[in-house]
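Colleague: Supplied in structure tokens, the structure appears directly below.
The values are calculated or read from the model by the stated rules, or taken from the named source; none is laboratory data. What you are looking at is a predicted structure, and each value in this text was computed from that prediction instead of being measured. Reconstructed Cβ throughout: ideal geometry from the backbone, glycine too, with neighbour counts over all protein chains shown. Ligands, DNA and RNA are stripped out before the accessible areas are found, and what is left, the full protein with its side chains, is counted by its heavy atoms. Shrake-Rupley method; radii C 1.70, N 1.55, O 1.52, S 1.80 Å.
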Amino acid sequence: MSNIVAIVGRPNVGKSTFFNRLIQRREAIVDAVSGVTRDRHYGKTDWNGREFSLIDTGGYVLGSDDEFEAEIDKQVELAIDEADAIIFMVDVETGVTGMDEDVAELLRKVDKPVFLVVNKVDNNKRAEDAVEFYALGLGEYYTIASINGSGTGDLLDAVVAALPEKDEAEVEVEELPRFAVVGRPNAGKSSFINALIGEDRYIVTDIAGTTRDAIDTKYNRFGFEFNLVDTAGIRRKSKVKEDLEFYSVMRSIRAIEHCDVCLLVLDATRGFDGQVQNIFWLAERNRKGVVILVNKWDLVEKDNHTTKEFEKRIRKEIEPFTDVPIVFISVLNKQRIYKAIETAVEVYKNRSKKVKTSKLNEILLPIIENYPPPAYKGKFVKIKYIMQLPTPQPQFAFFCNLPQYVREPYKRFLENTLREHFDFHGVPVSVYMRKK
């Protein structure tokens with residue numbers, strides 16, 4: 001495990017801009033509106049050969065009546081607890097404020113290296129103005145301009161020197177599988193991850209759109225380690241009014257594109273509506289494993305047939321890709337949340353499955369001989385050979401004499417035959433006809 005450095009401070013001093021510069025990616029959303037960063041946001045960087053993790057936090061506002069700001073304060077305190085060193089960022093343009101003094105008071109009680117960083121210092125006049133930050137009682141300060149990187153070298157030299165030495169025997173682990181938790185806003189995605197890991201890792205409120213960034217959490221269950229990715233809720237384009245939500249939706253879509261399995265969380269009281277279907281088909285088009293989680297099942301009035309009827313309606317909407325696991329959960333009551341993860345692990349293994357060419361041909365060729373492709377325009381298709389393609393998801397090539405005459409219904413028959421014999425539950429399967 002690498003060292004952790006937390007970036008804290010009041011809202012809108014440039015913490016996320018600095019975070020993005022260090023990790024060299026636009027991970028955290030940056031906007032002129034204060035309070036954009038709400039959750040702790042993790043990234044990795046290195047300096048002078050020393051690698052460490054960064055935590056970007058929301059702005060700290062003590063004693064606020066705002067529901068989000070009270071939650072953000074908890075997140076900042078959690079980040080400080082997790083960190084090996086803390087970067088306390090202030091803004092030279094506004095000088096020392098009451099909120100800066102509140103943060104400084106919190107940090108003076110912390111027995112960890114604290115680096116006071118004065119941001120937006122991009123000329124000599126501002127460098128002189130930075131002297132007033134000695135009043136915070138944290139000793140020496142560093143002047144930087146996170147927008148262009150000025151002064152960050154000296155700061156990082158000091159940060160790296162203060163970090164404790166970690167065990168050098170640790171070996172580099174291969175990239176972990178990624179499970180993205182996706183769905184409409186306010187379906188219970190963040191609550192689901194919080195319930196799994198047993199801590200308030202993500203901010204949860206009744207207000208839709210609380211989560212704005214896509215955030216990773218390492219998780220180990222059933223002897224299988226993977227990254228859980230919480231994402232912002234995806235709404236229809238017509239509902240995306242502000243720039244912030246646009247960026248959030250883009251991050252969620254990117255999370256789907258870069259994950260292995262999508263855990264699609266839907267609100268049972270709203271049903272499998274058009275927007276949830278759009279998210280499902282986005283995952284299917286990207287050839288990702290899918291597990292549908294019907295959350296808030298405890299709020300639905302039920303009889304002996306409710307579950308079967310609900311499941312039947314969902315499968316009707318997702319035809320022809322109906323071989324998808326559907327798990328009915330209640331995050332609030334922690335019902336079947338571990339079953340959901342167990343199912344996701346099985347889907348990941350199905351997606352990674354490789355079938356031997358000899359076995360494919362041995363099982364499928366006799367079936368194809370008994371049920372050959374129907375003649376089209378008087379042409380008869382003969383399939384001679386089958387192989388799985390070397391791709392991250394299941395894709396199969398069927399070699400035949402006239403690939404252009406094999407119609408879609410027969411390709412679906414081949415896909416269903418593959419599913420029947422090799423268990424690709426929850427995974428899109430691609431069938432290609434190739435010229436022999």
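Colleague: Just to confirm, what accessible area per residue do you get for the range 317-363 at 1.4 Å probe, in whole Å²?
Modeller: 51 Å²
Colleague: Mind ordering 342-348, 142-148, 362-368, 304-310 by average Cβ neighbours within 10 Å, highest first?
Modeller: Descending mean neighbour count gives 342-348, 142-148, 362-368, 304-310.
Colleague: At 1.4 Å probe size, put 387, 433, 89 in order of accessible surface, largest to smallest.
Modeller: 387, 433, 89
Colleague: Going by a ≥ b ≥ c, the root eigenvalues of the Cα gyration tensor, does the range 309-436 fall in the rounded group (a/c under 1.5), the prolate group (a/b larger than b/c) or the oblate group?
Modeller: Prolate, because a/c is 1.5 or more and a/b exceeds b/c.
Colleague: With +1 on each Lys and Arg Cβ and -1 on each Asp and Glu Cβ, how big is the dipole of the range 317-436 about its Cα centre, in debye rounded to the nearest 20?
Modeller: For the range 317-436, the charge dipole is close to 540 debye.
Colleague: Of the heavy-atom accessible surface of the range 342-421 (probe 1.4 angstrom), what whole percent is carbon and sulfur?
Modeller: Solvent-exposed carbon and sulfur of the range 342-421 make up 53 percent of the total.
Colleague: Within 10 Å of each candidate Cβ there may be at most 13 other Cβ atoms; applying that plus a DSSP loop requirement, which trypsin sites (Lys or Arg not before Pro) in the range 93-157 survive?
Modeller: Passing both the DSSP loop test and the Cβ count: 109.
Colleague: If you keep only loop residues by DSSP, which GluC sites (Glu not before Pro) in the range 121-156 have at most 16 other Cβ atoms within 10 Å of their Cβ?
Modeller: 140
Colleague: What distance in nm separates the simple spin-label points at residue 46 and residue 359, each placed 7 Å from Cα in the Cβ direction?
Modeller: Each label point lies 7 Å from its Cα, and together they span 3.9 nm.
Colleague: Past the 26 Å Cα-Cα mark, which pairs from 288/411; 112/334; 288/312?
Modeller: 112/334
Colleague: Once amide H atoms are placed 1.01 Å from N in the peptide plane, what residues at a sequence separation of 5 or more from residue 92, or on another chain, have their amide H within under 5 Å of its amide H?
Modeller: 119
Colleague: Give the peptides 333-341, 111-119 in descending order of average Cβ contacts within 10 Å, highest first.
Modeller: 111-119, 333-341
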